[in-house]
1. Per residue, what accessible area does region 1-70 have, given a 1.4 Å probe and all protein chains present, in Å²?
2. Calculate one ³J(HN,Hα) per residue across region 40-51 by plugging θ = phi - 60° into the Karplus curve 6.51 cos²θ - 1.76 cosθ + 1.60, and present them in order as whole Hz with x for glycine and proline.
3. Any chance you could look up the accessible area of Asp14 with a 1.4 Å probe, heavy atoms only, rounded to 10 Å²?
4. For the chain, with a Gaussian network of springs between Cα atoms less than 10 Å apart, report the residue from Arg65, Arg46, Arg31 with the top mean-square fluctuation.
5. Apply the Karplus parameterisation 6.51 cos²θ - 1.76 cosθ + 1.60, with θ equal to phi minus 60°, to every residue of region 67-78 and state each ³J(HN,Hα) to the nearest whole Hz, in sequence, with x for glycine and proline.
6. Roughly what would the spin-label model give for Glu82 and Arg67, points 7 Å off Cα along C-beta, in nm?
7. Tell me, what % of the accessible area of the chain is carbon and sulfur with a 1.4 angstrom probe?
8. With unit charges on the beta carbons (Lys and Arg positive, Asp and Glu negative) and the dipole taken about the Cα centre of the chain, which residue among Val40, Leu78, Gln66 sits farthest to the positive side?
Amino acid sequence: MRQAGLAQLDPPDDALLGALLLKLAHDRALRLTPAILSHVVPRMERSAAAVAGFVERLDTRALSRQRPPRLTDAKAVLAEIEAGVSRSRHGS
């Protein structure tokens, strides 16, 4: 039996991550400003699951404040995610 060639998938680039972020936000009727996108995309984990988690948290935050998300909300969500990752890495 011949061995099949293995393909290596690289993490998504900024364009793909940004497109996924916009799509998932659009699905929730969540408006993301260019400032939010340009701040979040280079700082978030490079995975579809991370994007989905970010959008879910940002949506929850916006709904609780009864207003569209702002850059400060996006920064707070990124900080919450990072704090959770740091705690899970250190077993806290």
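The values are calculated or read from the model by the stated rules, or taken from the named source; none is laboratory data. All of these numbers come straight from a predicted model, not from anything done at the bench. Neighbour counts are summed over all protein chains in view; Cβ atoms, including those assigned to glycine, are modelled from backbone coordinates with ideal geometry. Ligands, DNA and RNA are stripped out before the accessible areas are found, and what is left, the full protein with its side chains, is counted by its heavy atoms. Shrake-Rupley method; radii C 1.70, N 1.55, O 1.52, S 1.80 Å.
1. The answer is 74 Å² per residue.
2. In residue order, the calculated couplings are 6, 3, x, 9, 8, 4, 8, 8, 5, 5, 5, 5 Hz.
3. Using a 1.4 Å probe on the heavy atoms, I get roughly 80 Å².
4. Arg65
5. Here the 3J(HN,Hα) series is 7, x, x, 10, 4, 4, 5, 4, 4, 5, 5, 4 Hz.
6. The answer from the label model is 2.4 nm.
7. That share works out to 55 percent.
8. Highest projection toward the positive end goes to Gln66.
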